[in-house]
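Report on the structure given below.
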Amino acid sequence: MFEALSGEREGIARRGDDVGLRLLDPEGRTDRAGRPIQHDFVVSGALAEQIHSVADGLALVWPVVAAEYARCWDRADPPGRG
């Protein structure tokens, strides 16, 4: 699904009823090299029908996953930083 977004830092791609959502970390988190962390999601069902832009995806998907990402990336030894 994400081959349609090759080289893109953010975007959406549709395949059938699913939407691939790629976005940069809304909290501005970076990896140990200082690169922005990129998140890829595959969204299906009724939620996918509501996503027509990265802004839509950010508004609809990020609130669902933000706490889990914060728990992972905001700790003292996050992935990619060790």
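The values are calculated or read from the model by the stated rules, or taken from the named source; none is laboratory data. As the structure is a prediction and not an experimental result, all values here were calculated from the model. Here the Cβ positions follow ideal geometry from the backbone for every residue, glycine too, while neighbour counts run over all protein chains shown.
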So, first residue free of Cβ contacts under 8 Å to residues at least 60 places away in the same chain and within 12 Å of His52 (Cα to Cα) in segment 13-34, second residue loosely packed, with under 15 Cβ neighbours inside 10 Å and not aromatic (Phe, Trp, Tyr), Cβ within less than 7 Å, six or more apart or across chains; the pairs are Ala13/Ala4; Asp18/Val42; Asp18/Ser44; Gly20/Asp40; Gly20/Val42
Q) Does Ala46 satisfy the condition of being of a type outside the set (Ser, Thr, Tyr) and at pLDDT 95 or above? A) yes
By residue number, the members of segment 1-18 that are aliphatic (A, V, I, L, M) and more than 13 Å from Leu58 (Cβ to Cβ) are Met1, Ala4, Leu5, Ala13
